[in-house]
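Step one of this worksheet: look at the structure below.
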Amino acid sequence: MINTKLHVNDSYFALNDGLFSKDYQTKSFETNGYYAYDDFYEFAMKIGVLETRALRILEFFRENHEMTHILLERSFLNDSTKKEYVNCHLDRLKALNYSYSKRI
């Protein structure tokens, strides 16, 4: 199993006890048990980001950027940790590219 707590003491994307209040969950999270596109879209709306801007930001983060992999490969992490980071990154990309409400 991949350690998902590499930098923050939160399961995914620092939403627990951070960006959403303790008792709040989107329908997507309630159904699937993980944070996905709908959670970030809804968070952007809650903090007042214009919808067109939020969509552009989310679109950028939904892409698997080559530079992410280049930076990881050039890092001083050992090979096992690099692999763990890549797998974690790809898992989160997959989640961010899923929309329960079919927004994307």
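The values are calculated or read from the model by the stated rules, or taken from the named source; none is laboratory data. Please read all numbers here as calculations on a predicted model, not as lab measurements. A quick note on method: Cβ atoms are made from the backbone with ideal geometry, for glycine too, and the neighbour counts reach across all protein chains shown.
Criterion first (surrounded by 13 or more Cβ atoms within 10 Å (Cβ to Cβ), in contact with a Gly (Cβ under 7 Å, 6 or more places away or on another chain) and at pLDDT below 95) does Asp10 satisfy it?
On the way: surrounded by 13 or more Cβ atoms within 10 Å (Cβ to Cβ): yes; in contact with a Gly (Cβ under 7 Å, 6 or more places away or on another chain): yes; at pLDDT below 95: yes.
Judged against the criteria, Asp10 is a match.
At pLDDT 95 or above and either out of contact with any helix residue (DSSP H, G or I) (no Cβ under 9 Å at 6 or more places or on another chain) or surrounded by 15 or more Cβ atoms within 10 Å (Cβ to Cβ) (or both), is that true of Glu66?
Details: at pLDDT 95 or above: yes; either out of contact with any helix residue (DSSP H, G or I) (no Cβ under 9 Å at 6 or more places or on another chain) or surrounded by 15 or more Cβ atoms within 10 Å (Cβ to Cβ) (or both): yes.
Yes, satisfied.
Given the condition over 23 Å from Tyr24 (Cα atoms), in contact with a helix residue (DSSP H, G or I) (Cβ under 9 Å, 6 or more places away or on another chain) and not charged (D, E, K, R), answer yes or no: does some residue in segment 75-83 qualify?
If we filter segment 75-83 for residues that are over 23 Å from Tyr24 (Cα atoms), which is where we start, we get 75-83.
Next cut, in contact with a helix residue (DSSP H, G or I) (Cβ under 9 Å, 6 or more places away or on another chain) only: 75, 77, 82.
Add one more test, that the residue is not charged (D, E, K, R), and what stays is 75, 77.
Taking every residue of segment 75-83 in turn, at least one turns out to be over 23 Å from Tyr24 (Cα atoms), in contact with a helix residue (DSSP H, G or I) (Cβ under 9 Å, 6 or more places away or on another chain) and not charged (D, E, K, R).
Kindly provide the set of residues from segment 67-104 that are under 23 Å from Tyr35 (Cα atoms) and not in a helix (DSSP H, G or I), ordered by number.
Selection gives Asn97, Tyr98, Ser99, Tyr100, Ser101, Lys102, Arg103, Ile104.
For every residue, the table says whether it meets (1) loosely packed, with under 12 Cβ neighbours inside 10 Å; (2) modelled with pLDDT of 95 or more; (3) of a type in the set (Phe, Trp, Tyr); (4) in contact with a Lys or Arg (Cβ under 8 Å, 6 or more places away or on another chain).
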residue	(1), (2), (3), (4)
Asp38	no, yes, no, yes
Val49	no, yes, no, no
Arg53	yes, yes, no, no
Ile70	yes, yes, no, no
Arg74	yes, yes, no, no
Asp79	yes, yes, no, no
Leu93	no, yes, no, yes
Ile104	no, no, no, yes
